[in-house]
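To start, the structure under review is shown below, and the notes come after it.
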């Protein structure tokens, strides 16, 4: 009898372990670390003072309100801080520069309509273009070395960008050939100046460069809140904090279909970032985490770290949650969970992209509870050879390691998983657990990956187990 019970217990244990997910301590420890990161992120609080832009001469009549808005911001800052209010109505403006302890509040029914005249975003300011530092047109809303700043409200920020203005600098050559000849030349010139170590003060572009500005960019700032507003029609990247920390981005709606480089949110060399409850419908990546391009990143050697993404919805875009391609400073401790993604025009759900000239270490990436309706390419795509032909230079491999994906589901895609590593520098330690992928057309691709585990994974109803 005892022998029969022992056999029964062994069989029961084997059966139970085959049906129930195995707990992986390294993954659980990572999610516990996230809890300690969350307590470090808190939005700024502002004094109870109000400054209405209409009291400074701003009129909703199509006249340019830049001076009135910035004067309200200056007075708010000088008084010790408070709220600058954009009331109901449509107000045309050029570059807005936030200062410490100022909340720019765009009320329900209010629109900040940004000029399409590039001169309204001069003089040049210190900024970044695709991971490279320079002096260029001011972002539409910009802050430099400020603390406790916010853009809030239920109103609309409309960049008015289109093929008729900002976008023709990079697409639509039939529009204005003369200007289009300049922009493609500016990017290699900027990269060359950066590679040579030319001081950023001498990397001045602006009117001579035809490089488009970001929409909202806090640069070297602390304690940032962007909440509630809707952004549409950006010149290029929409939310682009750089070298900043303690950032809360929540309940923001971002629309940029058709926009070249129309990324939704690109934290670059940032620390302690929370992105929650946002909706993305973009012309490029929805969220793209970055840390500088080539020498700009690896000389500074500061990673983007401690990024938490939760309860977001992604529709059109090149990728839902993306890391890269500018990864030269490294990226670590990224957590994404309880997100939904689906569109026939969303190419990938989760994407890592870099190449052998970018450098940096991408590590400790955690995804959990990601629901994907459909994507047009791969649910998971990890690529070490992205756009390498256009980036020749000193070889500095990007290291990918410790990437953990759990409880992901997808109802339609071309590929479930594509992992494209380099033979000379393989990708290391990837775990895909407790996930299901349906209506998949192509076989998985695994090239140059070490320590890959797929456990309790089904593709088109078939169990896929990998442990190499």
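None of the figures in this text is laboratory data; all of them are computed from the coordinates on show. Bear in mind that the values here come from a model prediction, so they are computed numbers and not experimental data. Neighbour counts are summed over all protein chains in view; Cβ atoms, including those assigned to glycine, are modelled from backbone coordinates with ideal geometry.
Listing for the model above:
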| item | result |
| --- | --- |
| Mean Cα-pair separation over length for the stretch 308-463, i.e. relative contact order, pairs under 8 Å, 6 or more apart, % | 19 percent |
| Sorted peptide list for 29-36, 278-285, 227-234, criterion being average Cβ within 10 angstrom, highest first | 278-285, 227-234, 29-36 |
| Efficiency of FRET from Cβ geometry, residue 220 and residue 42, R₀ 25 Å, rounded to 0.05 | 0.80 |
| On Cα atoms only, tilt of 2-19 relative to the major axis of the chain in degrees | 30 degrees |
| Tail weight of P(r) past 19 Å, computed on alpha-carbon pairs of the stretch 347-437, percent | 41 percent |
| Fraction in percent of alpha-carbon pairs per bin - 10 Å, the stretch 285-468 | 11, 40, 37, 12, 1 |
| Whole-Å semi-axes of the ellipsoid equivalent to the stretch 236-391 (Cα gyration tensor, √5λ, descending) | 22, 17, 14 |
| Compactness of the stretch 313-355 - radius of gyration and Dmax, Cα, Å | 11.4, 33 |
| Helix 183-195 axis, angle to the chain major axis (alpha carbon atoms, nearest 10°) | 70 degrees |
| Fraction of antiparallel bridges per DSSP, the chain only, in percent to nearest 5 | 10 percent |
| Estimated FRET transfer efficiency when R0 is 25 angstrom, pair residue 63-residue 163 (beta carbons, to 0.05) | 0.45 |
| Base-10 log of normalised Debye intensity for the stretch 231-324 (one unit scatterer per alpha-carbon) at q = 0.23 Å⁻¹ | -1.13 |
| With eigenvalues of the C-alpha gyration tensor scaled by 5 and rooted, the stretch 182-300, Å | 26, 18, 11 |
| Calculated FRET value between residue 439 and residue 251, using beta carbons and R₀ = 45 Å, to 0.05 | 0.90 |
| Helix axis angle, 66-78 relative to the chain longest principal axis, alpha carbon, degrees | 80 degrees |
| Highest to lowest packing among 246-254, 327-335, scored as the average C-beta count within 10 Å | 327-335, 246-254 |
| Separation of the residue 54 and residue 23 label points, Cα + 7 Å toward Cβ, nm | 5.9 nm |
| Label-reachable residues, the stretch 316-332, where backbone N falls under 14 Å from a point 7 Å from residue 345's Cα toward its Cβ | 316-319 |
| Inter-label distance for residue 460 and residue 447, nm, one decimal - labels placed 7 Å from Cα along Cα-to-Cβ | 2.2 nm |
| Residues listed by number, the stretch 31-53, amide nitrogen under 20 Å from residue 147 label point at 7 Å toward C-beta | 39-49 |
| Helix-derived mean residue ellipticity, 222 nm - over the chain, DSSP H n ≥ 4, -39500 (n - 2.57), to 500 | -4500 deg cm²/dmol |
| Three-way shape call for the stretch 105-243 based on the alpha-carbon gyration tensor, with the a/c threshold at 1.5 | oblate |
| Value of relative contact order over the chain, rounded to a whole percent, pairs C-alpha under 8 Å and six or more apart | 9 percent |
| Relative contact order computed over the stretch 78-226 (Cα-Cα under 8 Å; 6+ residues apart), in percent | 28 percent |
| Gain upon complete extension [residue 468, residue 74; 0.36 nm per residue less C-alpha separation] | 135.9 nm |
